[in-house]
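Since the structure comes first, as structure tokens, the remarks are kept for the end.
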Protein chains: 2
Amino acid sequence: MNNRFFTIIKGGKANHRRGIINTPNGVINTPVFMPVGTLGPVKTTTPAELRSLGAEIILNNTYHLYLRPGVEIIQNAGGLHKFTSWDGPILTDSGGFQFYSLGALRKITDEGISFQSHIDGSKHFFSPETVIDIQSAFGSDIVMPLDVCLSSPSDYQSTRRAGNLTVDWVERSIKRFNSIDTTSQQSALFGIVQGGTYSDLRREYAQRLSEHDLPGYSIGGLAVGEDKELMWEMVAITNEILPKDKPRYLMGVGTPADIIRAVALGIDMFDCVMPTRNARNGTVFTHSGRLVIKGAKFARDNNPIEEDCNCLACRRFSRSYIRHLLNVNEILGLRLTTIHNLYFYLNLMREIRESIENDSFPEFMSGFLSQFEENC
Amino acid sequence: MNNRFFTIIKGGKANHRRGIINTPNGVINTPVFMPVGTLGPVKTTTPAELRSLGAEIILNNTYHLYLRPGVEIIQNAGGLHKFTSWDGPILTDSGGFQFYSLGALRKITDEGISFQSHIDGSKHFFSPETVIDIQSAFGSDIVMPLDVCLSSPSDYQSTRRAGNLTVDWVERSIKRFNSIDTTSQQSALFGIVQGGTYSDLRREYAQRLSEHDLPGYSIGGLAVGEDKELMWEMVAITNEILPKDKPRYLMGVGTPADIIRAVALGIDMFDCVMPTRNARNGTVFTHSGRLVIKGAKFARDNNPIEEDCNCLACRRFSRSYIRHLLNVNEILGLRLTTIHNLYFYLNLMREIRESIENDSFPEFMSGFLSQFEENC
């Protein structure tokens, strides 16, 4: 093991690869899925449970934590790791996607983003520099620059303006990051490639950001409503240009099938609320597709969610009991579906990594997809 | 160890005693606190967590489980233990207290109780026999007979009517229980002494029920609004008459101070929603009294809920973080306050048992009360 940020331990002619990322708070095996802990915890779970499920890194949301409990309280605790008691690597986003979701509540200028809190309507302003400062106060292991997200479809001129502004903001972020980061801290600032569904813009931004030799690159603005084929085209085009020796993070993606397809295109990192949010809605993932576990047909079903699954929920509890728990609003029901879905995602990543190590990723992928999608 | 239902392993001239209860699903050390799992789980927790907190028996609610998911679904799973995955002893109540809470929605006759579901208004009827049948289908280790609960104060005549009916129903319950219970099952049916705040009625019912030589006796209808001094008087009077070699269960009690005082009067078993319900309202117990952990004064408090507490919440999380979690409605916050409060109660019982074993219960009691009540 060396001290490089990213090391590819198994690559080849194909795009998929097996890597290791070094962070101040531990090592991450890629391809990796990062469970989302919007306000600190990955919903319903303790850090110890996350570890036992196989999570190596989690994502926390800068925008949400800035509003509640506020940066000063997290700083007073000694940073996010101490505050939340998660002692592994943390990636924090920049708020860009949340601002996109805020819609009319935010205004974008060249300087930054003015916004109103979705909680109390209070007014705030984030510049690229503010966002770096906040994540530095958090002690994040992987830092995202402020970016401008658009919905899809967006016209060429708007996409170009947003993409250019994002490159400008990434450059301002690099300056700020380098001015405050210490060598002991060793956190990593990623670039974010925007460009919507326009190939020439994706190529241009991937090229311009690659010149900064950043430790990693995110692909943003996808999985926001565009056609899936178009999404894969954009991922492929962007990955052709991004440096091969840096990790690539496809933000906000996605379904189990999306993740495995993205790995085939050379993506290394993923985050998504899908396993946790679906769990709370009573939808669980299995290798044969999704189950709406609240359904009446499971009322007398004493089988686990998925036969042969090794998660705590499947080892100890039946579909019948989990359905009952969800129907009477017992928190344990949400815990069990969350544990199962996170296990499903994190176990899928383990299987993906093992298949890459064993040179059997294409076979694993087609086997998984044929069983999973047939029933989805 | 013998096979008797209840063995006093340390008694003496004073009323407090240290015992062991044998059930088909394991041994219980008394004095014992039984966490309440109304609809199956003790709210927010898994069986494994309960075990690690030191719980040896839990209480499930017959009325609630009868309505949801229904007896047939639990029977189809193989009983409550298999359905809920809690493999230790289970005590089920009879619904008597829930009917008392239903107020206008229930009607009591000599035959039983007609009631409307608090969920959908559907009409149902519980007789003493029905309630035994349900608990038999559940596979409960300790079974409660249907009783008639009154609010306090109730006049003498109403209390007498309710108390006589309860004795009549206990006798019908014994008949039904003996007609269906198998020797292999070995579950235990308790008597319930009612009588409100009238000494002569308490004495009469304790005497009449004692004659049935039941494996254990519950004291009901207390902690429902009467003066505390009156409650202790009733407990003392009842315990004087109940057979010394049978466990006594003070239903629905209470605060940590109540429990320790009741142990001094010879009570062996307790159940209460106080630790779990308080937890979900953001109130936590410490040896120096209660804390409303959501309070602004804890916003920057990086100490655990209680210094030197060995529970998971105190070993890993700060007041500041738990306050944040509760304020943003993160389920983990409810889990952590629940774990702490259950640990506090179960640890108090451990300390009580140890002090009885070491002949130091009176000193332990006065030390605990002086510190706890001073700040409550």
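The values are calculated or read from the model by the stated rules, or taken from the named source; none is laboratory data. Fair warning: this is a prediction, and the values are worked out from it, not measured in the lab. Quick reminder, even Gly has a Cβ in these numbers, built from the backbone with ideal geometry, and neighbours come from all protein chains shown.
General observations
- At least 2 residues being over 19 Å from the mean Cα position of the chain (by Cα) and away from chain B (no Cβ under 14 Å) is the threshold, and among the helices (runs of 4 or more DSSP H) wholly inside segment A:205-312 those reaching it are A:228-241.
- Selection count where residues are out of contact with any Pro (no Cβ under 8 Å at 6 or more places or on another chain), crowded, with 16+ Cβ neighbours inside 10 Å and over 14 Å from B:Phe99 (Cα atoms), scope segment B:117-132: 2
- Residues of segment A:71-122 that are within 17 Å of A:Ile192 (Cβ to Cβ) and within 17 Å of the chain's Cα centre (by Cα): A:Leu91, A:Thr92, A:Asp93, A:Ser94, A:Gly95, A:Gly96, A:Phe97, A:Gln98, A:Phe99, A:Tyr100, A:Ser101.
- Scope segment A:116-131; condition in contact with a Ser or Thr (Cβ under 8 Å, 6 or more places away or on another chain) and not hydrophobic (A, V, I, L, M, F, W, C); matching residues: A:Gln116, A:Lys123, A:His124, A:Pro128, A:Glu129
- Enumeration of residues in segment A:313-329 that are within 28 Å of the chain's Cα centre (by Cα) and surrounded by 17 or more Cβ atoms within 10 Å (Cβ to Cβ): A:Ala313, A:Cys314, A:Ile322, A:Leu326
- Flag for A:Thr109 being farther than 18 Å from A:Arg277 by Cβ, at the interface with chain B (Cβ under 9 Å from one of its Cβ atoms), modelled with pLDDT of 95 or more and out of contact with any helix residue (DSSP H, G or I) (no Cβ under 6 Å at 6 or more places or on another chain): no
- In segment B:28-51, the residues that are over 18 Å from B:Ser94 (Cα atoms), more than 8 Å from every other protein chain (Cβ to nearest Cβ) and polar (S, T, N, Q): B:Asn29, B:Thr30
- Residue identified as surrounded by 17 or more Cβ atoms within 10 Å (Cβ to Cβ) and not assigned by TED's automatic domain parsing to the domain that holds B:Glu357 among B:Ala104, B:Ala55: B:Ala55
- Condition broken by A:Ser154, with the remaining ones in (1) over 30 Å from A:Thr23 (Cβ atoms); (2) surrounded by fewer than 17 Cβ atoms within 10 Å (Cβ to Cβ) satisfied: (2)
- B:Asn29 fulfils the conditions (1) surrounded by 18 or more Cβ atoms within 10 Å (Cβ to Cβ); (2) in contact with a Lys or Arg (Cβ under 8 Å, 6 or more places away or on another chain) except for a single criterion, (1).
- Of everything in segment A:216-251 that is of a type in the set (Val, Ile, Thr) and at pLDDT 95 or above, the residue that is nearest to A:Ser94 (Cα to Cα) is A:Ile219.
- Residue in segment A:195-208 that is among the aliphatic types (A, V, I, L, M) and either outside the structural domain of A:Gly78 (by TED's automatic domain parsing) or surrounded by 20 or more Cβ atoms within 10 Å (Cβ to Cβ) (or both) present: yes
- Taken over segment B:52-77, the residue count meeting the criterion of being in contact with a Gly (Cβ under 8 Å, 6 or more places away or on another chain) and within 12 Å of another protein chain (Cβ to nearest Cβ) is 2.
- Checklist (1) away from chain B (no Cβ under 14 Å); (2) without any contact (Cβ under 8 Å) to a residue 24 or more places away in the chain applied to A:Asn25, failing item: (2)
- Test for B:Ser114: is it touching a Lys or Arg at 6+ places or on another chain (Cβ under 7 Å) and either surrounded by fewer than 19 Cβ atoms within 10 Å (Cβ to Cβ) or in a loop (DSSP other than H, G, I, E, B) (or both): yes
- The criterion of being more than 14 Å from every other protein chain (Cβ to nearest Cβ), of a type in the set (Val, Ile, Thr) and in contact with a Pro (Cβ under 7 Å, 6 or more places away or on another chain) does not hold for B:Thr7.
- Among residues of segment A:12-22, those that are surrounded by 15 or more Cβ atoms within 10 Å (Cβ to Cβ) and either in contact (Cβ under 8 Å) with a residue 40 or more places away in the chain or among the charged types (D, E, K, R) (or both), counted: 6
- Residue, farthest from the other protein chains (Cβ to nearest Cβ), within segment A:318-349, restricted to residues that are of a type in the set (D, E, K, R) and closer than 19 Å to B:Ala77 by Cβ: A:Arg319
- Matching option when the condition is touching a strand residue (DSSP E or B) at 6+ places or on another chain (Cβ under 6 Å) and crowded, with 18+ Cβ neighbours inside 10 Å, among B:Leu291, B:Leu342: B:Leu291
- A Cβ distance below 9 Å, combined with a sequence gap of six or more or placement on separate chains, defines the contacts here; from segment B:52-70, residues that are at positive phi reach residues that are in a loop (DSSP other than H, G, I, E, B) and surrounded by fewer than 21 Cβ atoms within 10 Å (Cβ to Cβ) in the pairs B:Gly70/A:Ala299.
- Applying the criterion of being in a loop (DSSP other than H, G, I, E, B) and touching a Ser or Thr at 6+ places or on another chain (Cβ under 9 Å) to the residues of segment A:350-376, the residue that is farthest from the other protein chains (Cβ to nearest Cβ) is A:Cys376.
- Taking the conditions (1) farther than 30 Å from B:Ile9 by Cα; (2) assigned by TED's automatic domain parsing to the domain that holds B:Ala206 in turn, B:Thr337 satisfies each one other than (2).
- Here segment B:338-360 is the region considered, the condition is being touching a Lys or Arg at 6+ places or on another chain (Cβ under 8 Å) and β-branched (Val, Ile, Thr), and the residue that is nearest to B:Leu50 (Cα to Cα) is B:Thr338.
- When segment A:69-98 is filtered for residues that are within 16 Å of A:Ala162 (Cβ to Cβ) and surrounded by 23 or more Cβ atoms within 10 Å (Cβ to Cβ), the ones remaining, listed by number, are A:Ser94, A:Gly95, A:Gly96.
- B:Asp213 being among the charged types (D, E, K, R) and either in the same structural domain as B:Thr159 (by TED's automatic domain parsing) or modelled with pLDDT under 95 (or both): yes
- The condition of being over 18 Å from B:Pro275 (Cβ atoms), of a type in the set (Asp, Glu) and out of contact with any strand residue (DSSP E or B) (no Cβ under 9 Å at 6 or more places or on another chain) does not hold for B:Glu49.
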